[in-house]
Amino acid sequence: MGEFLPELDIQIPERQRRLTVLVRLILLIPQDIALFFLSIAAGVVLVLGWFGALFLGRLPYWAAEFLSGYLAYYMRIYAYEFLLVDGYPPFRWRPDDYPVVIRLQSGPLNRLAVFFRIILVIPAAIVTDVLLAGWGVLSFFIWLIVLIIGRMPKPLAGAGYALLRYVFRTQAYFMLLTSTYPKRLFGDDPTEPATPEHRPLVLSEGARAMLVVFIVLGVLSSVTSGIESRNMNNTQTALSGR
């Protein structure tokens, strides 16, 4: 049997309500507050679970249950913020009727990989940060497009879906919910059969091109931010030396 990749399944609607698109960030404020407190709890559980995984060779059941629930909540909010779904995320731990579903298969973990997990995840985390930065550069224009036409264009929807799936897989790996390293940013093999547990994400050429745009813009944004930060530090040093 091949390795199991954590799955993120998003049912993207054909149309979206323009009013909720218009005030999406305002609507998200209560969710952001809830997510802030949940993230603190998740951090504590992750540290305890890390010690447990070192001794047991797998994440303790209670830690896996909490972290998988938190990650599902996290992804529902992200999908709503990214305009990939129209329905408001429910304040429930495991809703049955929301169009964002995660599938995880927690199992045995390599203790050495657990010990060095925070180092091993760095390359995937860098890719995630670059992608999110690139999306952030275009986020206003994406919001404006959806607001005007009432739907997410398919290339953008596919790229956003792929981006969030990679974010999800990176978080699942970091949280010790999987031993499989994040991969398949640019989608799955078109010939891969669909199963009840896996719906292949096949991206169009336009969606793949948008992912490349996100990466380029993310890198440029990071470089620009680094230059601005360095210039600011030099200015502060010069002023303090006077």
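Go through the range 1-22 and report how many residues are assigned to a loop (DSSP other than H, G, I, E, B), free of Cβ contacts under 8 Å to residues at least 12 places away in the same chain and either among the small types (Gly, Ala, Ser) or under 15 Å from Arg151 (Cα atoms) (or both). Spell out how you get there, then give the answer.
Filtering the range 1-22 for residues assigned to a loop (DSSP other than H, G, I, E, B) gives 1-6, 11-17.
Checking which are free of Cβ contacts under 8 Å to residues at least 12 places away in the same chain leaves us with 1-2.
Next, only the ones that are either among the small types (Gly, Ala, Ser) or under 15 Å from Arg151 (Cα atoms) (or both) stay: 2.
Number satisfying all stated conditions: 1.
Identify, from the list Ile118, Ile145, the residue that is in contact with a helix residue (DSSP H, G or I) (Cβ under 8 Å, 6 or more places away or on another chain), among the aliphatic types (A, V, I, L, M) and more than 30 Å from Gly206 (Cβ to Cβ). Working first, answer last.
Numbers: Ile145 fails: more than 30 Å from Gly206 (Cβ to Cβ).
One residue alone meets the criteria, Ile118.
Can you find even one residue in the range 205-219 that is farther than 24 Å from Phe4 by Cβ and in a loop (DSSP other than H, G, I, E, B)?
Looking for residues that are farther than 24 Å from Phe4 by Cβ and in a loop (DSSP other than H, G, I, E, B), one finds none in the range 205-219, hence no.
Could you run through the range 157-201 and say how many residues are in contact with a helix residue (DSSP H, G or I) (Cβ under 9 Å, 6 or more places away or on another chain), of a type in the set (D, E, K, R) and part of a loop (DSSP other than H, G, I, E, B)?
2
Of the residues Val101, Val114, only one is surrounded by fewer than 21 Cβ atoms within 10 Å (Cβ to Cβ) and either aliphatic (A, V, I, L, M) or touching a residue at least 40 places away in the same chain (Cβ under 8 Å) (or both); which?
Values: Val114 fails: surrounded by fewer than 21 Cβ atoms within 10 Å (Cβ to Cβ).
Answer to the selection: Val101.
Which of the residues that make up the range 71-111 are part of a helix (DSSP H, G or I) and either within 20 Å of Phe4 (Cα to Cα) or β-branched (Val, Ile, Thr) (or both)?
Filtering the range 71-111 down to residues part of a helix (DSSP H, G or I) leaves 71-81, 111.
The answer is Leu71, Ala72, Met75, Ile77, Arg111.
Could you give every pair whose Cβ atoms fall below 9 Å, whose first residue belongs to the range 140-155 and is under 19 Å from Ile26 (Cβ atoms), and whose second residue is among the aromatic types (Phe, Trp, Tyr), counting only separations of at least 6 or pairs across chains?
That search, which allows pairs on different chains as well, returns Ile142/Phe82; Ile142/Trp135.
Filter the range 50-63 for residues that are farther than 17 Å from Thr170 by Cβ and either assigned to a helix (DSSP H, G or I) or touching a residue at least 24 places away in the same chain (Cβ under 8 Å) (or both) and give the result.
Taking the range 50-63 as the starting set, the residues that turn out to be farther than 17 Å from Thr170 by Cβ are 51-58, 60-63.
Answer for the range 50-63, where residues must be farther than 17 Å from Thr170 by Cβ and either assigned to a helix (DSSP H, G or I) or touching a residue at least 24 places away in the same chain (Cβ under 8 Å) (or both): Phe51, Gly52, Ala53, Leu54, Phe55, Leu56, Gly57, Arg58, Tyr61, Trp62, Ala63.
Quick check on Leu220: is it at pLDDT 95 or above, of a type in the set (A, V, I, L, M, F, W, C), within 22 Å of the chain's Cα centre (by Cα) and more than 16 Å from Asp9 (Cα to Cα)?
Numbers: at pLDDT 95 or above: no; of a type in the set (A, V, I, L, M, F, W, C): yes; within 22 Å of the chain's Cα centre (by Cα): yes; more than 16 Å from Asp9 (Cα to Cα): yes.
No.
Taking Leu83 and the conditions (1) on the phi < 0 side of the Ramachandran plot; (2) at pLDDT 95 or above, which numbered condition does it fall short on, given that it satisfies the others?
If we test Leu83 against (1) on the phi < 0 side of the Ramachandran plot; (2) at pLDDT 95 or above, just (1) comes out false.
The rows are residues; the columns are (1) within 30 Å of Val146 (Cα to Cα); (2) touching an Asp or Glu at 6+ places or on another chain (Cβ under 8 Å).
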{"site": "Leu35", "(1), (2)": "yes, no"}
{"site": "Gly69", "(1), (2)": "yes, no"}
{"site": "Tyr78", "(1), (2)": "yes, no"}
{"site": "Arg103", "(1), (2)": "yes, yes"}
{"site": "Pro108", "(1), (2)": "no, no"}
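Being surrounded by 16 or more Cβ atoms within 10 Å (Cβ to Cβ) and under 15 Å from the mean Cα position of the chain (by Cα) is the filter here, so list the residues in the range 126-142 that pass it.
Within the range 126-142, Val127, Thr128, Val130, Leu131, Leu132, Ala133, Gly134, Trp135 meet the criteria.
The values are calculated or read from the model by the stated rules, or taken from the named source; none is laboratory data. Since the model is a prediction, treat every value here as computed from it, not as a measurement. Please note: Cβ atoms are built from the backbone with ideal geometry, for glycine as well, and neighbour counts cover all protein chains shown.
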